[in-house]
Amino acid sequence: MSASPAGLQITTVLGIGPIAPGDDLAALITATKIHWLDGSVGFADGDIVVVTSKIVAKAEGRVVAAQSRDAAIASETVRVVATKSTPRGTTRIVQTQHGLVLAAAGVDASNVEAGHVVLLPLDPDASARELLTHLRIATGCSLGVIITDTMGRPWRLGVTDVAIGAAGITVVDDHTGRVDGFGRTLEMTMIAIADEIAAAADLVKGKIDGSPIAVVRGLGQFVTADFGPGARAVVRPLDEDLFPLGTAEAIQQGRATAAMNRRTLRQFSDQVVDADLIVRAIAAAITAPAPHHTTPWRFLVLRDEPIRATLLMAMRERWIADLRATAGISEDSINKRLKRGDILYDAPVVVLGFIDLGAGAHRYPDAERANAERDMFMVSGGAAMQNLMITLAAEGAGSAWISSTMFCADVVNDALQLPATYQPLGALAVGYPATAAAPRTERSPSAFMIPKVN
Ligand SMILES: Cc1cc2nc3c(=O)[nH]c(=O)nc-3n(C[C@H](O)[C@H](O)[C@H](O)COP(=O)(O)O)c2cc1C
């Protein structure tokens, strides 16, 4: 279906006058004379009546005192998409209960008596259906109805009208599967036909000269016998939306949930872990707080180098020896435990973390202070490892923090030829998830807060 622009006419419905609660819009519209350029008068099959939502809202009594504007906006808001503060005030781009995303929930002070603001119609599709029913009965014509509101657009200056309610009309003209002039099959072109008609009608309605209704002739192929899907069908489902939040809000949400989104990942897919990602994660790790203004964290990144297998074999041998030296552990139990260490063989990347106590830790003659100093550096290592893991998780990768290197520091340092001042922090098995992580079971912060003693 394509429009016939040569035959497209749009005319205003003049003389509607101010609308008051309870007014019958269909009666007002059919009581006026609609004049067409070719001299004809009145409605014909296929005409589309385009009505500014403001008069629909006024007729439905959706007018409130201006003092309660903020409360009205809040009550119309389902979620805040973006907020912008300027010296003139704060603008909130919000999603309304209709699914519409627009400034101030569509609550508007223009074209209404001073001291009042107009809300959007409660259910613009229902309003469109009702109006259409009455218009069809009164005129005997097969008409369509679109209810419009004015919106700004991301990335574009200026406002334009869109369809927020529709009845008896195709709202989206799906070209998918049609063949273009070059023989190419269109794969995803969907024309927002109701929005285009709303915008076209606004060219003749205008904002200031008080003509809130236009009739569009020449697009009868989009008028449907039934009510059609309504304008609600144009609202893109949130989970399919590439831009569900304003930039500032998305950044804020990402920051607020970054720590929560990290999960220990024990099963990896074959997806290759980019070297740059590891570098970015280490860049985050080395922003960790550390004692005495030191920078004691060190990392070794291993992929498939022979040293990885050499290291893991040496650790395994030490582990077996340690387990056999522990009373009451059966060979079966030893094998089961060893199996759990396989993750460091299987992961696409292993990142070994260390604290170099030679990089600024103070020396103490007594064990108590020496241990406290060491602990202090090790907790800084923990912070660095967590930063690393959070950054990986934020970019869709995952990791498991495996402690084994901490239990055999001498074996590790020997195999990797590292100084004895290096204290292993464990190893991170890094990769992309084979399956989605289970959602976290929520923990109550209060359960972790130590009550104050008097
Ligand atoms: C210092 C440290 C050592 C860990 N060692 C191991 C380990 O050896 N093997 C293992 O499977 N998980 C190890 N973990 C991961 C924990 O088991 C994991 O954090 C826990 O299951 C909670 O899951 P979550 O990280 O998804 O919240 C270690 C975690 C930390 C902080």
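Taken together, the values in this text are just the output of simple stated rules run on the coordinates, not laboratory data. Everything quoted here is computed from the prediction, not taken from an experiment. Every residue, glycine as well, gets a Cβ built from its backbone with ideal geometry; the counts of neighbours run over all protein chains shown.
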- request: Using amide H atoms built 1.01 Å from N in the peptide plane, name the residues 5+ places from residue 295, or on other chains, whose amide H lies under 5 Å from its own.
  value: none
statement: Measuring from the longest principal axis of the C-alpha atoms of the chain, the long axis of helix 367-394 (C-alpha) lies at a number of degrees, nearest 10, equal to 30
- prompt: Ranked highest first by average number of other Cβ atoms within 10 Å, how do 246-259, 128-141, 337-350, 44-57 line up?
  reply: 44-57, 128-141, 337-350, 246-259
- request: Give a residue-ordered list of calculated ³J(HN,Hα) values for the stretch 138-153 (Karplus: 6.51 cos²θ - 1.76 cosθ + 1.60, θ = phi - 60°; whole Hz; x for Gly, Pro).
  value: 5, 9, x, 9, 7, 10, x, 10, 10, 9, 10, 9, 9, 9, x, 10
task: Work out the FRET efficiency for residue 304 and residue 122 from their Cβ-Cβ distance, taking R0 = 51 Å, and round it to the nearest 0.05.
output: 0.20
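Work out how much length residue 446 to residue 38 would gain on full extension: take 0.36 nm times their residue separation and subtract the Cα-Cα distance, in nm to one decimal. Before the final figure, lay out each step's value.
On the way: separation 408, 0.36 × 408 = 146.88 nm, distance 7.58 nm.
Separation in residues times 0.36 nm, less the Cα-Cα distance, equals 139.3 nm.
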query: What shape does the stretch 258-448 have by the C-alpha gyration tensor, where a ≥ b ≥ c are the square roots of the eigenvalues, rounded means a/c under 1.5, and otherwise prolate means a/b greater than b/c and oblate the rest?
result: rounded
query: What does the highest-first list of 425-432, 306-313, 438-445 look like by mean Cβ count within 10 Å?
result: 425-432, 306-313, 438-445
field: Spatial separation of Cα centroids for the stretch 343-360 and the stretch 390-422, in angstrom
entry: 2
query: By average Cβ neighbour count within 10 Å, what is the ranking of 231-240, 415-424, 84-93, 382-391 from highest down?
result: 382-391, 415-424, 231-240, 84-93
message: On C-alpha positions alone, give me the angle between the axis of helix 306-324 and the longest principal axis of the chain, in degrees, nearest 10.
response: 60
- request: For helix 247-257, report the angle its Cα long axis makes with the longest principal axis of the Cα atoms of the chain; keep it between 0 and 90° and round to the nearest 10°.
  value: 40
Backbone N under 15 Å from the residue 110 label point (7 Å along Cα→Cβ), restricted to the stretch 129-151: 148-151
field: Inter-part distance where the stretch 131-155 and the stretch 24-88 are each reduced to a Cα centre, Å
entry: 10
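Quick one, what does Rg over Rh come out to for the stretch 1-86 if you take C-alpha atoms and the Kirkwood Rh? All intermediate terms of the calculation are to be shown ahead of the outcome.
Values: Rg = 18.6 Å, Rh = 16.6 Å.
Reported Rg/Rh, Kirkwood definition of Rh: 1.12.
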Pairwise Lys count, the chain - Cα closer than 20 Å, eight or more residues apart or different chains: 5
- prompt: Expressed in nm to one decimal, what extension gain is obtained for the pair residue 185 and residue 403 from 0.36 nm per residue of sequence separation less their Cα-Cα distance?
  reply: 72.9 nm
The chain: calculated mean residue ellipticity at 222 nm from DSSP helix runs of at least 4, using -39500 (n - 2.57): -9500 deg cm²/dmol
